[in-house]
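Working notes, beginning with the structure itself.
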Amino acid sequence: MLTKLRTLASLYLELGPRWSAFRLAYAFRLRTGLIRLQTPQYKWADRPLKHWLKPTIPSDSDSYAQWRKQNAPKFFASVGAGSPRPDYGTNAIEEANRLLNGELKYFSHEYHQTGFPPNWHKDPITNYQLPIGLHWSQISDDSATDIKFIWEPNRFAFVYTLVRAYAATKNEKYPQAFWQLIQDWADHNPPNTGANWKDGQEIALRLMAWTFGFYAFIHSPSTTPEHIAQFTQLIAAQAERIHANIGYAISTRSNHTISEAFGLWMVGLLFPELNHAEKYFALGKRLLEEEAKKQIFPDGSYAMYSLNYHRFILHLYLYAIQLGELNDSRFTLQLINSVKNSIHYLSNLIDPATGHMPVYGSNDGALVLPLNNCDFTDYRPLLQLGSIITTGQPMFEPGSWDEDVFWLCGELLTAKNAKKDLKLSALSELSGKSFPNGGTYILHNTNSHAILRCTDFTSRPSHADQLHMDLWMGSDNIAIDAGTYLYSGEGIWRNGLARTSAHNTVTVDGKDQMTMVSRFTWTNWAKGRVLKHTDDLWQGEHNGYKLVRHKRTVMALEGDRWLVIDDLEENVPHRYTLHWLLNDVPFTQNKNSLLLKYEASTYKIETGLLSGEGKLSILRADPNSTYGWRSRYYGHKEPAISLLLEANQSTVRFWTFFGFENDSIVLDKDVFRINSSDISFSSLYG
């Protein structure tokens, strides 16, 4: 009871009285059934198209379809233009054909047999089916299956693939599939019924994909007046559902607020014939502007402390900026500048040769704009698009990552973009090494760099990862982040990779730096503080273990060598465990060192204690723990190498060296001799 009271008190202090009051009221609405009265179940036929349209708009199918074609707001010029897209390869055609054969790609990575159309309420992995006839509020998002496997096909991300395949082939089977899938979805998902009406964010992403396909296929012979009329009816009902429960999204202070605001804004902009179009548009735009201020920090980093969620919201904002520009509904320069700062921030983290980023924070597999043939892990499509839109200049040489630009911008560079760049050029540039708002710090060496995390959280943490360090040698990500894998897995896999033990840091007595009270909520936030940051040295600490102080020092040494010192001290003994998660490559072990054999080089990792004895363990894909695993794609895990050094004492000083095969490390009292160079601890802490 006391623990529960402390948890509630921590939530109140960290999230505030307004959040607490709203959540209590929302719980009351759920338990009493009030929310079922506010968003009632009904049949599609109960609210025909006429119900949703303004009185002056014709509602019979033929007249409405003609009116719509003549009065539709502008959309991206490349969508439905009739001219073929540039040659970006045949991946989209292959993926579209697999969809038509009943194979659907989940989380931009793995195909599963679902049938065509798929069962919209069934998890293809476990074959578990959620209830179909219940009100959405009566269905748990944390049940016997991971609901994300239900929601994934219902986002309709495959619409972008159908559009790309149609642009390349003009084969009518793709728009026919689009309309067949929408009709089947409507047949099996009546309004406010079932899991696919539960989350406004899922609805918003579905509307985004549907609208992209609608504009792409509007002139197809397969698109009938009946299709057009029904489509607007379906759009209107789902927009109403978002609007009716937008307060919950706002309370999350997350990407849900942005996505649902975007959905309302987009429907209000593109479907002005709807009764509530102006209301949706105004509310959506206001929230998009407000949330950009709240959620994108001044240094360009993101308030959810997650790189994949950062990409998620940037895709929405870039899409909105371009669509608003086309329809003379521009966003403020402040919003555009926030997006520009985000692109700058991410450009400091990307490996330009591969497009890879650290898997920083929660990674649920979301990819809002799958408009290219690049892998899910490749961020170049986002940064190329963002750079073109906010500066008028590309960030990378031409490549497959340009396809997003083709769809949203048409020509790579225009005079309008060049003028926009002149307006933004006066805004101050940010440091390329320190991003303190988001807690990201970078140390560069000759051909390597370290990325560290340390922050005093101002919004809800994603992972318990204070003082985590990623290390890149060229394009080789040596010390890695484990990712996420599953939010709702069983046992240790219930968001298990969010825990401290999965990160490259030190745990005390096997505990987390913070208290996990649900899959997504931490209390007793650990406070991080940076003590020093120069060109070749970084030092920070956090207070997550209360009486135990953890301080980490990272040094960039000559010739792409690195030294990491971890100091922990208390008056009584503890079980301290230093963990390094390493990429899964062939390796050999020699006492307290590993040799990692990459194609171009062999890297050496050696670790030890300044005093006392420690136990070294090497685990790869451990079946009984989260050690030795990583996840780059949601729902998919793969082996990695966990190096653990454990000590039981009151005060400990761990050291870890990253270098090359023939490097020599000698420890003499408080002096490290690395090859021919001496490093004394007094110089580090003096």
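The values are calculated or read from the model by the stated rules, or taken from the named source; none is laboratory data. Computed from a prediction, not measured in an experiment: that's the story for all the values here. Virtual Cβ from ideal backbone geometry, glycine too; neighbours counted across all protein chains shown.
In this entry, residue 211 passes the filter for residues that are among the hydroxyl-bearing types (Ser, Thr, Tyr) and assigned to a helix (DSSP H, G or I). Taking the criterion of being in contact with a Lys or Arg (Cβ under 9 Å, 6 or more places away or on another chain) and surrounded by fewer than 20 Cβ atoms within 10 Å (Cβ to Cβ), the residues of the stretch 627-643 that qualify are 638, 639.
Could you say which residue among 562, 525 is among the aromatic types (Phe, Trp, Tyr), assigned to a loop (DSSP other than H, G, I, E, B) and either touching a residue at least 60 places away in the same chain (Cβ under 8 Å) or more than 20 Å from residue 305 (Cβ to Cβ) (or both)? Full working, then the answer.
Working: 562 fails: assigned to a loop (DSSP other than H, G, I, E, B).
525 is the lone residue from the list that is among the aromatic types (Phe, Trp, Tyr), assigned to a loop (DSSP other than H, G, I, E, B) and either touching a residue at least 60 places away in the same chain (Cβ under 8 Å) or more than 20 Å from residue 305 (Cβ to Cβ) (or both).
Inside the stretch 297-409, counting only helices (runs of 4 or more DSSP H) that do not spill past its ends, which hold 3 or more residues that are touching a helix residue (DSSP H, G or I) at 6+ places or on another chain (Cβ under 9 Å) and farther than 26 Å from residue 264 by Cβ?
Numbers: elements: 307-326, 333-347, 380-391, 403-409.
It comes to 333-347, 380-391.
The residues of the stretch 255-280 that are more than 21 Å from residue 189 (Cβ to Cβ), assigned to a helix (DSSP H, G or I) and among the charged types (D, E, K, R), listed by number, are 278, 279.
If I go through the stretch 236-254 residue by residue, how many of them are modelled with pLDDT under 95, in a helix (DSSP H, G or I) and either of a type in the set (Gly, Ala, Ser) or crowded, with 21+ Cβ neighbours inside 10 Å (or both)? Lay out the reasoning, then the answer.
Step one: list which residues in the stretch 236-254 are modelled with pLDDT under 95, which gives 247-254.
Those still in the list that are in a helix (DSSP H, G or I) too: 247-252.
In the following step, the residues that additionally are either of a type in the set (Gly, Ala, Ser) or crowded, with 21+ Cβ neighbours inside 10 Å (or both) were identified as 247, 249, 251.
Qualifying residue count for the region: 3.
Please work out if residue 572 is surrounded by 23 or more Cβ atoms within 10 Å (Cβ to Cβ), touching a residue at least 40 places away in the same chain (Cβ under 8 Å) and in the same structural domain as residue 497 (by TED's automatic domain parsing).
Working: surrounded by 23 or more Cβ atoms within 10 Å (Cβ to Cβ): no; touching a residue at least 40 places away in the same chain (Cβ under 8 Å): yes; in the same structural domain as residue 497 (by TED's automatic domain parsing): yes.
So residue 572 fails the test.
If you go through the stretch 531-539 one residue at a time, do you hit one that is in a loop (DSSP other than H, G, I, E, B), of a type outside the set (Lys, Arg) and surrounded by 17 or more Cβ atoms within 10 Å (Cβ to Cβ)?
The first filter runs over the stretch 531-539 and keeps only residues in a loop (DSSP other than H, G, I, E, B), leaving 534-536.
Those left that are additionally of a type outside the set (Lys, Arg): 534-536.
If we keep only those that are surrounded by 17 or more Cβ atoms within 10 Å (Cβ to Cβ) too, we end up with none.
No, every residue in the stretch 531-539 fails to be in a loop (DSSP other than H, G, I, E, B), of a type outside the set (Lys, Arg) and surrounded by 17 or more Cβ atoms within 10 Å (Cβ to Cβ).
Out of all the residues in the stretch 225-235, is one or more touching a residue at least 40 places away in the same chain (Cβ under 8 Å), crowded, with 19+ Cβ neighbours inside 10 Å and β-branched (Val, Ile, Thr)? So far as the stretch 225-235 goes, yes, one or more of its residues are touching a residue at least 40 places away in the same chain (Cβ under 8 Å), crowded, with 19+ Cβ neighbours inside 10 Å and β-branched (Val, Ile, Thr). Residues of the stretch 159-177 that are over 16 Å from residue 85 (Cβ atoms) and either touching a Ser or Thr at 6+ places or on another chain (Cβ under 8 Å) or assigned to a loop (DSSP other than H, G, I, E, B) (or both): 172, 176. Quick check on the stretch 490-510: of everything there that is small (Gly, Ala, Ser) and part of a helix (DSSP H, G or I), which residue is surrounded by the fewest Cβ atoms within 10 Å (Cβ to Cβ)? Applying the filter and picking the extreme gives 491.
Does residue 339 satisfy being in contact with an Asp or Glu (Cβ under 6 Å, 6 or more places away or on another chain) and of a type in the set (A, V, I, L, M)? Before you say what the answer is, go through the steps one by one.
Numbers: in contact with an Asp or Glu (Cβ under 6 Å, 6 or more places away or on another chain): no; of a type in the set (A, V, I, L, M): yes.
Against the criterion (in contact with an Asp or Glu (Cβ under 6 Å, 6 or more places away or on another chain) and of a type in the set (A, V, I, L, M)), residue 339 does not qualify.
Are there any pairs, at least 6 apart or on different chains, whose C-beta atoms fall under 9 Å, with the first in the stretch 475-494 and of a type in the set (D, E, K, R) and the second crowded, with 17+ Cβ neighbours inside 10 Å and in a strand (DSSP E or B), and if so, which? What qualifies is 476/448; 476/596; 476/603; 481/470; 481/581; 481/630. Listed by first and then second residue, the pairs linking a residue in the stretch 65-84 that is under 13 Å from residue 220 (Cα atoms) to a residue that is outside any helix (DSSP H, G or I), with Cβ atoms under 6 Å apart and 6 or more places separating them unless they lie on different chains, are 80/218. The set of residues in the stretch 540-554 being touching a Ser or Thr at 6+ places or on another chain (Cβ under 9 Å) and without any contact (Cβ under 8 Å) to a residue 40 or more places away in the chain consists of 545 alone.
Here residue 458 clears all of (1) touching a Lys or Arg at 6+ places or on another chain (Cβ under 7 Å); (2) assigned to a loop (DSSP other than H, G, I, E, B) except the condition numbered (1). One residue stands out in the stretch 493-525 among those that are more than 22 Å from the chain's Cα centre (by Cα) and among the hydrophobic types (A, V, I, L, M, F, W, C): the one that is nearest to residue 540 (Cα to Cα), namely 506. Total residues in the stretch 644-673 satisfying the condition of being surrounded by fewer than 22 Cβ atoms within 10 Å (Cβ to Cβ) and β-branched (Val, Ile, Thr): the figure is 4. Listed by position, the strands (runs of 3 or more DSSP E) inside the stretch 587-686 whose residues that are out of contact with any strand residue (DSSP E or B) (no Cβ under 8 Å at 6 or more places or on another chain), outside the structural domain of residue 538 (by TED's automatic domain parsing) and in contact (Cβ under 8 Å) with a residue 24 or more places away in the chain number at least 1 form an empty set.
Which residue, of 354, 332, is out of contact with any Leu (no Cβ under 7 Å at 6 or more places or on another chain), under 18 Å from residue 451 (Cα atoms) and hydroxyl-bearing (Ser, Thr, Tyr)? Quick ask: steps written out before the conclusion?
Numbers: 332 fails: under 18 Å from residue 451 (Cα atoms).
Sole residue among the options that is out of contact with any Leu (no Cβ under 7 Å at 6 or more places or on another chain), under 18 Å from residue 451 (Cα atoms) and hydroxyl-bearing (Ser, Thr, Tyr): 354.
I'd like the full set of residues that are of a type in the set (Val, Ile, Thr) and outside any helix (DSSP H, G or I), limited to the stretch 20-40. If the condition is that a residue be of a type in the set (Val, Ile, Thr) and outside any helix (DSSP H, G or I), then 39 is the only one that fits.
Reported count of residues in the stretch 79-120, each being surrounded by fewer than 14 Cβ atoms within 10 Å (Cβ to Cβ) and either in contact with a Leu (Cβ under 6 Å, 6 or more places away or on another chain) or part of a helix (DSSP H, G or I) (or both), is 1. When residue 584 is tested against (1) exposed (fewer than 15 other Cβ atoms within 10 Å of the Cβ); (2) outside any strand (DSSP E or B), exactly one condition is not met: (1).
If only one of 465, 512 is in contact with a Lys or Arg (Cβ under 6 Å, 6 or more places away or on another chain) and either farther than 20 Å from residue 441 by Cβ or not assigned by TED's automatic domain parsing to the domain that holds residue 446 (or both), which one is it? Give the steps one after another, and end with the answer.
Numbers: 465 fails: either farther than 20 Å from residue 441 by Cβ or not assigned by TED's automatic domain parsing to the domain that holds residue 446 (or both).
That would be 512, the only listed residue that is in contact with a Lys or Arg (Cβ under 6 Å, 6 or more places away or on another chain) and either farther than 20 Å from residue 441 by Cβ or not assigned by TED's automatic domain parsing to the domain that holds residue 446 (or both).
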